[in-house]
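A short reminder: the numbers here are calculations on the coordinates, not readings from a lab. In this text, all values refer to a predicted model and were calculated from it rather than measured experimentally. Counting neighbours? That spans all protein chains shown, and the Cβs are built from the backbone with ideal geometry, glycine included.
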Amino acid sequence: MPPPRKSKSSEILPRCLSPRNVVAIPIGCGQQRSHSTLIVSKHVYKAVATGAKDPLKLSPSKRLRPSSSPTRKSSTNSGDLGFDDSAWFADIALAGGFDPIPEEQWTVADSADEEEATNVRKELKTSAPGSLFRSDAKKPDAVPGFRMVDKGVEVYRKPVMKMDLMKVVENVPVDALKASLPGASSTASARNRPNHVAPLLEPIRQMNMESVHRKPHSAVQSELVGEGNATKLLAASPECSSSSSTASTRPEPEISVDLSAWGLPEKVVKAYQKIGVSSLFRWQAECLNKGRVLDGRNLVYSAPTSAGKTLVSEILLLKRALETGKKGLFILPFVAVAREKMLNLQRVFRGTGIKIGGMMGHIYPPGGLKLLDICVCTIEKANSLINKMVSEKQLGQLGVIVVDELHMMGDSGRGYLIELLLTKVQHLNKIRAATEEHEAERLHNTIQIIGMSATLPNLPFVAKWLDAELYVTDFRPVPLYENVKLGSAIYDKQWRKLRDVPAIPGLKHDPDHIVSLCFETVSAGHGVLVFCPFKKWCESLAGIIAKEFTVLAANELSGYRISTHCKEVVAQLRDSPAGLDAQLARTVPAGIAFHHAGLTMEERDIIEAGFRKGHLNVLIATTTLSVGVNLPARRVIIRSPMFMNKVMDVLSYYQMAGRAGRKGVDTEGESIMICKDTERPKVVTLFTASLVPVVSCLKPTTPSKVPTELNRAILEIIVNGAAGTVTDLVYYLQSTFFSAGMDSTTYPLLARGIVDALAQKELVFLAEDQESLRASQLGNAVVWSGLSTSEGFSIFHELDRARTQLNLETELHLLYLITPLHLVDHVSSLDWYHYMMMWEQLPDSMKKVGHLVGVDESRLAAAISGRLSNESNPDAVRQMGCLRRFYCAMIFNELVHEASLASVAGKYQVNKGMLQAMQQGAATYSGIIMRFCKELGWDYMSTLVEQFQSRLMFGVQRDLIELIRIQSITAVQARKLFQAGFTDLKSVAEAEVAPIGEALKDATPFNSKIPGTGGDNILGPPPQKKVLLKGILEPMVDIEAARVVMAEAQMILATDLEANGYRLVEITPPAANGGSRKRSRSKTKLAKY
């Protein structure tokens, strides 16, 4: 691309970066302009902006006098501009986002241009929308340049396509596009220049910075647009006076990208530097410096996958927590993601003095939030925690909340909890802000909300609701190429053919060329992620790829060899609690694995770690991985556009495709959609579709049709004391996300209707004045247990009945009561004959429980005959639910008596991963029931249920409940420690290392190395038997593992004892034999302080 024609000025404007980086960049007066054509002297320029269709008038008479211009020409004609105006405008056009168009693509600007073009007999062609090219093709001299109108220059422009203001190309944030509008501010810091200058300089600076990241230094030198040069050119703009020359020489305030310049403690900066983070991307610095975000104002921002958006939230979280002395919450949607983030932060900030813990699933930090600086938690845990802090008047301890995946607020399942949580915080922030006179105090004392989101059409509306700054970028440090495979060819998203799929000699079975595409990437030393819609597809495809890769590896001519590190992954899977899965045993030795909900958490952790390290080359997964842990690859293959018998949604597609390209590893990423001929129209629709705007899950259809979620939201603020009157509820409703779309006159009617509905269920009491409110014991129980109002009402009646006829001969009846109804869906396809056989083998004590809850031979016979399959019959549906729930209770009864996961899965015909999910769901539900009973004053019922939360989670009997608090050991290892005499945390913390190591080694399964005995002389364990601890994917020798377990036991014990004034100290016994130098081992003991 040749540079533009130079002006006679000694200060020239080098050629601009590709205008694909620029959207809605104004010229001159700073108003939004259309995507149009600009004719300047001998060149034709095409704009990249959007907006008004009116001609843009640039008046040279208002610029600097000719005598001040560096390109002044002598002139005696009063109509002459006095200097080389065309060159000046050409440079400004390029800097402003206009691009020269090849001669064959010249565009009609309007009727006047058409008439002039006709005079020179030039056929005019309209360029395709979005085609941006540079060309040095000379325009015929007869084609006119600027037209003079009242000593001004008028540029005619015609829209080619309209572009939404929120659409951002490359890395220009939306606020850069708004900077020229009245009242808007720049994306960086406050500017000293006139407002019309910033919109032009800001995108130029953005492009320069992004070019630095993407291009070699030498290439950048030739591409950068000098800000000083652009400033001098702008000195002659319409609104600059002679005083602007002073401003033009004033240096622009730069935003540092050096991490150490952002006020973080030195230990934190060094911790980041250890993991390779010493500087920020330009967009990250811009985002952090947006408005008053660093002072505590809320922020909503959007960036693609792998752009580094998490680092922005971490910096703000750390700064807010350290500078204010308050605590921070990092909220993530899934347990796996939250756990990964917690472990990552703990690893990074170890030794910095920042205390990080987590609340997710069964994980709860010793001492709770009190002893933490930052708490990573799931949505449910965060909402419960905030409710507790409000109730205890401790919300002032919280300084910042980070919400990842903010767009999930519109999710029909759990999205309402995000909205409920943020509405509560916003409502309380408004109340607190009303008492502060100064903005600085208000920002310091309120809770800052940081939201990370996908780029949604109504993201500005979300930011407005949260009173937040908004920042949007589509910058990716690794370029992503989104392609589609149709037949044997690869096309881009515009369906332009790129190449054919390479033929791999020796392949026998290659469905849809997936094996070839995988082999192409793996043979180049990169990893591949393949997304499939079903678990069976994952396993089947993994088997096919593994078989073909094994054949290719055996062929010396292929040049491909399987990594020897695959043996390590096999050994780790064999030592996991579930043992080595038969299908994984066939695929992992070839470097291929699958990942879906049917695997246990331990198996998934091992496979993820193997893929990250490069021990596994191809990973076939369901869509859960796309929204789960961070696991990028060089190439992503999407097996089909159809998921769950319908075209996947746009967000799911971008989440999958966004996994391609690893920052710091890959130079580019590629996603390939596998498409059949019949699916092409669906893929076209998917590629052109827009993300769906997020909508409120709390919004009532009418004041009389209120969703259960809104009832729950209102009940919460009554229970935690945030609202005590109907008027308070009206004020709260005005803080909801849906409030902007409602008539304010409906709030009192809506609040009154909700209160009446809650009062009918005895959840709240309304005073005689019909204004004051208070929660009932049942209302308290519903909120503090985390149940919905409808769930709480039904559970209350079930438990109330059970209290009068509870069977305690076995634990089966209690297990039935703490089995949540939604888990029955996991056993929806039961073998009823198998169920009947198991029933007949039950002891009478367990059959009595079955009779109490509605299970007997006659009902099982009805299920076998199909008489209970009529879903339109409520009685049949109820009976079927009882049968399935009892089946789940029998499963849990086996697990809490330490039956292995594999044996229970085989006996009850449920896969291990699903069984583990059921186990965790029941453990969580048991905690809910325990709290529910405690709030109702049913203390004996609460005591009976309390034990099952830990027992169900880990599959242990009552005597191991304390030991299992050590999260790095499994149930089998805990039992071995108990049998060795280490029955509690204190005994483990004070023990010698060797006995602990021996007990852990005894818990490791034995694998023979003799061929033919069930072992494998190639894949067997190393000569020295190693221990695999939970959550630590590298096997250790027994002594190392013992030290890890003892250290964790000491940490838990120290935390528990700290509140009582005790601490652990190292006590070294006196030397033996009258001062002998023989070394004595120090022991950990309790000491009072």
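At-a-glance table
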read-out	value
Equivalent ellipsoid dimensions for region 708-776 as semi-axes, Å, which come from the Cα gyration tensor, largest first	19, 12, 11
Residue 298 long-range amide H proximity, modeled H, under 5 Å	449, 469
Lys/Arg +1, Asp/Glu -1 at C-beta; region 295-448 dipole; positive extreme among 440, 343, 401	343
Neighbour-count order for 1038, 875, 512, fewest beta carbons within 10 angstrom listed first	875, 512, 1038
Kirkwood Rh in Å, taken over region 259-472 so that all alpha-carbon pairs contribute	17.4
Percent RCO, i.e. relative contact order, over region 277-404, from Cα pairs under 8 Å lying at least 6 residues apart	30
Flagged links, alpha-carbon separation over 19 Å, of 976/1001; 547/646; 319/388; 309/424; 567/907; 370/393	547/646; 319/388; 309/424; 567/907
Theoretical FRET efficiency, 1/(1+(r/R0)^6), r = Cβ-Cβ of residue 803 and residue 492, R0 56 Å, to 0.05	0.25
Shape box of region 659-811 [Cα atoms, principal axes, largest first, Å]	67, 58, 39
Förster radius 25 Å - calculated FRET efficiency between residue 968 and residue 371 (Cβ-Cβ, nearest 0.05)	0.80
For region 659-738, fraction of C-alpha pairs farther apart than 16 Å, in %	71
Burial ranking of peptide ranges 949-959, 431-441, 860-870 (average Cβ count within 10 Å, highest at the top)	949-959, 860-870, 431-441
Full-extension gain in nm, residue 958 to residue 677, via 0.36 nm per residue minus C-alpha separation	95.2 nm
Chain lengthening between residue 267 and residue 688 when straightened (0.36 nm per residue, less Cα-Cα)	146.9 nm
Reciprocal of mean inverse Cα separation for region 467-592 (Kirkwood radius, Å)	17.2
Dipole magnitude of region 727-804, debye to nearest 20 (Cβ charges: Lys/Arg +1, Asp/Glu -1, about Cα centre)	240
Considering only region 259-472, percent of DSSP beta bridges that pair antiparallel, nearest 5	5
Inter-label distance, nm, simple model (7 Å from Cα along the C-beta direction), residue 873/residue 840	2.4
Computed E for residue 585/residue 828 - FRET, C-beta separation, R0 30 angstrom, nearest 0.05	0.55
Length-normalised contact order for region 708-776 - Cα pairs under 8 Å, 6+ apart - percent	37
Charge dipole (debye, nearest 20) of region 806-955; +1 at Cβ of Lys and Arg, -1 at Cβ of Asp and Glu	220
Region 494-556 versus region 338-382: alpha-carbon centroid distance in Å	40
Pair residue 768, residue 503: separation of 7 Å Cα→Cβ label points (nm)	9.4
Fewest-first ranking of 334, 611, using other Cβ atoms within 10 Å as the exposure measure	334, 611
For 405, 946, order by how many other beta-carbon atoms lie within 10 Å, fewest first	946, 405
Cα-Cα P(r), region 802-891, percent of pairs per 5 Å interval	2, 14, 27, 26, 19, 9, 3, 0
